[in-house]
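Peer 1: Next up is a structure, given as structure tokens.
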Amino acid sequence: MVKTEAKPDTSTGNKTKTGADLLVESLINENVTTIFGYPGGAVLPIYDALYRAKGSFDHILNRHEQGAIHAAEGYARVSGKPGVVIATSGPGATNLVTGIADAMMDSLPLVIFTGQVARGVIGTDAFQESDVMGITTPITKHNYQVQDVRDLPRTVKEAFHIASTGRPGPVVVDIPKDISANPVEGTFDTDFHLPGYQPTTKPNPLQLKKLAEALAKAKKPVVLAGAGVLMGKASEELRSLVEHYQLPVTTTLLGLGSFPGNHKLSLGMAGMHGTYAANTAIYECDLLINIGARFDDRLTGNLEKFAPDATVAHIDIDPAEIGKNVTTHIPIVADSKVALTMLGDHIKEAPQHKEWLNRLYDNKIQYPLWYNTPDEEMVPQWLIEEVYNVTGGNAIITTDVGQHQMWAAQYYAFDQPNRWVTSGGLGTMGFGFPAALGAQLAKPNDTVVAVVGDGGFQMTLQELSILQERQLPVKVLIVNNGALGMVRQWQESFYEQRYSESLLDVQPDFVKLAEAYGIKGMKIEKQTDLVNALPDLFEYDGPVVVDCRVLQQENVYPMIAPGKGINEMIGVKR
Amino acid sequence: MKRIITATVNNRSGVLNRITGLLQKRHFNIESISVGRTEVEGISKMTFVVDVEDNQKLEQVTKQLNKQIEVLKVSDITDKAIVARELALIKVMSSGQLRSEIQGIIEPFRASVIDVSKDSLSIQVTGKPDKIEALIDLLRPYGIKELARTGVTAFQRGQQPQQSELTSFSLLN
């Protein structure tokens, strides 16, 4: 099992194998090629083993642990492989917390190795000690502290298995320094048995039959596609099923790309800033088929007004999501791909719903997303549409949270899976930019655009060093409205325009900032300048930071105000 | 409504933290928890008494518990035929002349005096929670100096009645 690269290199002066070398071997066995990390005292033995194993991995030295973990999330989202992170004990580990929580909410497979102080001093408030197990327990799918070096290889194997199967999620492995530093001999058993973890992937045929019967009777069916379709790699199955039965499809924020955004049957995104067609379809439907979405409150709005007349079917690999927020009539615990494939075999009778479809198509045409375009200045919605046009809809788009995120979701019609990388559940500012570099490392030949806000970008911009160091051709588009846009919008709408601490009047010169990092920087203020610049910008084979000055007063519409129902949208085009 | 839930778990470090943490984070009200080893090496059993609003909440508790990797099995045994017991230690103020009076009170409960001092008596009682409550109520007038309870531990009886004759077990109202 041990590959030659992983063997300690005697030329570096260390002849005995250590726990850290076991870790490195285990990572090689898991086919890990990219590691995002940051060294420190408690992981010195691990970094020494990485040094000995030079050439086995591409280690990205992010400039902050938060950058490392968001990069790993971006990597995991587009590649489907677990993102691997290493950080030291204490502050190294606590700096990861936001990213771990983010990955937990958005079901991203991550395996995170944190250093820990040596076993002998755990619990003594030793230098750079923190209770990583305690801190990460509520925000991980599972976590381990290795107590015996003989358990290490098996633990790593388990961690990768747990992170990437079932409903994916982050797994933390906390490794005390003496475990990684001490010499070890022999090989260790890596077979594992997890009787408490047996995800159900095959659906119950009785429930499938019930769904098929409900479908045959439905006059107003609609499919809600969530990230579970992407995780299950079930886009093709979804498409062939809905095309065959002409079922309209709406997606969640994280489900964008699971079904082609430009498809005739696509109603667009549903939820707080979803389309009129999508939200109305959910409100009026008599059968709602949720595939891999968790009925988040930003999707449902007021639960009492969510799909009030519908039979709700919910396909999810996580049984705990079924019935959590919305009463479910047809629960189907299964992998989305398996369920969609088997569902096709159960359907005997197609629904008769021509009228309904025509109404939805009509809604799409009558009440599209809309914005006003001034003569010269840029509005953010237009900016996103221009990016869509120039990239042919083929780029990987990453975002932070907020207005720019919603505009990207609304105006970049995602036609392909795994090209949309956003912080959905946790809504993390500073996510988009590091996630973009992770995505670019996973897909070196694809165009990656980080659509970020001027606020969020300033939270993790230290990662510009990586763009320069690796010459990653990420295009950073700062949707710069000089404000924490979504906060400003809510203050305008719900706090009588009291803009409390939401306007960023003083900002760095982003062009000079980029240049200081050795990266091309541009500032664009007029529509014509953008139109002229964009094609060259995407032709340019290197990183660029573009400071796009957009009108501050633009708001994201349509909108379901907090506490309102999905049928109570404001800002719909008249 | 109060429910008795048992969980069989791997006896690994951090399991208790993970489980109580999840109950707390999702705002499930725990009345009591008891934990101990089982007949199988490395496997522990937890018994929870939880107070949940409705069946939907109850379903969430069991599903969330089940989702934990170290949790092997979760059962809501409230409506099964079960034996459920709790132990309480009660220290009551008692001067010499009251001792025999207290003895008379605890005797029908099959409780026993396990420590005597100049001005107090320590009593041990085992039984269903309502029995323990009843004894505590009777002893309260004498002045309870200290009270410690283990929480309920329970399992199913060796033989379960047929479905038809199963009446809801009113152990916890």
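Since every read-out is calculated from the coordinates, none of them should be taken as a lab result. Quantities reported herein were computed from a predicted structural model and do not represent experimental measurements. All Cβ positions, glycine included, derive from the backbone under ideal geometry; neighbour counts span all protein chains shown.
Peer 1: Can you give the Kirkwood hydrodynamic radius of segment A:316-375 from its Cα pairs, in Å with one decimal?
Peer 2: With all distinct Cα pairs of segment A:316-375 included, I get 15.6 Å.
Peer 1: Mean projection of the alpha-carbon convex hull of segment B:2-76 over all orientations, in nm²?
Peer 2: 4.4
Peer 1: Can you tell me which aspartates and glutamates have their Cα less than 19 Å from the Cα of B:Lys73? Leave out same-chain residues fewer than eight positions away.
Peer 2: Counting by Cα, and skipping residues close in sequence, B:Lys73 has these aspartates and glutamates nearby: A:Asp318, A:Glu321, B:Glu39, B:Glu41, B:Glu59.
Peer 1: Now for a different question. I'd like the orientation of helix A:380-391 relative to chain A: the angle between its Cα long axis and the longest Cα principal axis, in ° from 0 to 90, rounded to 10.
Peer 2: So the helix axis and the longest Cα principal axis differ by about 70 degrees.
Peer 1: Apply 1/(1 + (r/R0)^6) to the Cβ-Cβ distance of A:Asn394 and B:Arg157, taking R0 = 51 Å, and write down the FRET efficiency to the nearest 0.05.
Peer 2: 0.20
Peer 1: Once every DSSP H run of n ≥ 4 in chain A is given -39500 (n - 2.57) and the sum is divided by its residues, what mean residue ellipticity at 222 nm do you get, rounded to the nearest 500 deg cm²/dmol?
Peer 2: Per the formula, -10500 deg cm²/dmol.
Peer 1: Continuing with this model, one more query. Per residue of B:69-77, what is the mean number of Cβ atoms on other protein chains within 10 angstrom of that residue's Cβ?
Peer 2: Going residue by residue through B:69-77 and averaging, the value is 3.
Peer 1: Now for a different question. Other chains' Cβ within 10 Å of A:313-320 residues: what's the mean?
Peer 2: Averaged over the peptide's residues, the number is 2.
Peer 1: Tell me the angle of helix B:55-67 to the major Cα principal axis of chain B, expressed in degrees between 0 and 90 and rounded to the nearest ten.
Peer 2: Compared with the principal axis, the helix lies near 80 degrees.
Peer 1: Please give the contour-minus-distance gain from A:Asn204 to A:Gln246: 0.36 nm per residue of separation, less the Cα-Cα distance, rounded to one decimal in nm.
Peer 2: Using 0.36 nm per residue and subtracting the Cα-Cα distance, I get 12.7 nm.
Peer 1: Restricting things to alpha carbons, tell me how big segment A:380-560 is in terms of Rg and Dmax, in Å.
Peer 2: When restricted to the Cα atoms of segment A:380-560, Rg and Dmax are 15.3, 47 Å.
Peer 1: By DSSP, what percent of the beta bridges with both residues in the protein assembly as shown are antiparallel, rounded to the nearest 5?
Peer 2: Bridges in the protein assembly as shown that DSSP calls antiparallel: roughly 40 percent.
Peer 1: I need the shape label for segment B:83-153. Rule: rounded when a/c is under 1.5, else prolate if a/b > b/c, else oblate, with a, b, c from the alpha carbon gyration tensor.
Peer 2: Prolate shape, in that a/c is at least 1.5 and a/b is the bigger ratio.
Peer 1: Check which residues have an amide H placed less than 5 Å from A:Val184's amide H, if you skip close sequence neighbours.
Peer 2: A:Lys17, A:Thr18, A:Gly19
Peer 1: Same structure, new question: Test of understanding: ordering A:Trp490, A:Trp420 by Cβ neighbours within 10 Å, fewest first, what list do you get?
Peer 2: Result, fewest neighbours first: A:Trp490, A:Trp420.
Peer 1: While we're on this one: So if R0 is 35 Å, what FRET efficiency would B:Leu138 and B:Asn55 give, r being the distance between their Cβ atoms, rounded to the nearest 0.05?
Peer 2: Computed FRET efficiency for B:Leu138 and B:Asn55 comes out at 0.45.
Peer 1: I need the shape label for segment A:205-366. Rule: rounded when a/c is under 1.5, else prolate if a/b > b/c, else oblate, with a, b, c from the alpha carbon gyration tensor.
Peer 2: Cα axes put segment A:205-366 in the rounded bin.
Peer 1: By what distance, in whole Å, do the Cα atoms of segment A:140-268 stretch along each of the three principal axes, largest value first?
Peer 2: So the extents along the principal axes, rounded to whole Å, are 67, 33, 20.
Peer 1: Stokes-Einstein D for segment A:453-574 at 10 °C, 1.306 mPa s, Kirkwood Rh over Cα pairs, in µm²/s?
Peer 2: For the chosen part, D equals 97 µm²/s.
Peer 1: Give me the net charge of A:Ala93's neighbourhood, meaning all other residues with Cβ under 14 Å from the Cβ of A:Ala93; Lys, Arg count +1, Asp, Glu -1.
Peer 2: Here the count lands on -3.
Peer 1: Can you figure out the FRET efficiency of A:Lys348 with A:Asp536, using R₀ = 45 Å and their beta-carbon distance, to the nearest 0.05?
Peer 2: Rounded to the nearest 0.05, the efficiency is 0.20.
Peer 1: Can you sort A:His346, A:His244 by how many other beta carbons sit within 10 Å, fewest first?
Peer 2: A:His244, A:His346
Peer 1: Give me Rg/Rg_expected for the protein assembly as shown, where Rg uses Cα atoms only and Rg_expected = 2.2 N^0.38 Å with N residues.
Peer 2: Cα Rg divided by the expected 2.2 N^0.38 Å: 1.09.
Peer 1: Looking only at segment B:44-82, which residues have a backbone nitrogen under 12 Å from a spot 7 Å from the Cα of B:Thr38 in the C-beta direction?
Peer 2: Correct set: B:44-47, B:71-75.
Peer 1: Okay, moving on. Using mean Cβ contacts within 10 Å as the protection proxy, how do A:251-260, A:314-323, A:134-143 order, highest first?
Peer 2: Descending mean neighbour count gives A:251-260, A:314-323, A:134-143.
Peer 1: Further, regarding this structure: When Cβ neighbours within 10 Å are restricted to other protein chains, what is their mean count per residue of peptide A:134-141?
Peer 2: For peptide A:134-141, the averaged partner shielding equals 3.
Peer 1: Over the Cα atoms of chain B, how large are the radius of gyration and the largest Cα-Cα distance (Dmax), in Å?
Peer 2: Looking at chain B, its Cα Rg and Dmax stand at 18.6, 57 Å.
Peer 1: Another question about this same structure. By how many degrees, between 0 and 90 and to the nearest 10, does the Cα long axis of helix A:354-366 differ from the longest principal axis of chain A?
Peer 2: Between the helix axis and the principal axis of chain A, the angle is about 80 degrees.
Peer 1: Next up: State log₁₀ I(q)/I(0) for segment A:4-181 at q = 0.09, 0.10 Å⁻¹ as given by the Debye formula over alpha-carbon point scatterers of equal weight, solvent excluded.
Peer 2: One equal scatterer on each Cα of segment A:4-181 leads to -0.26, -0.32.
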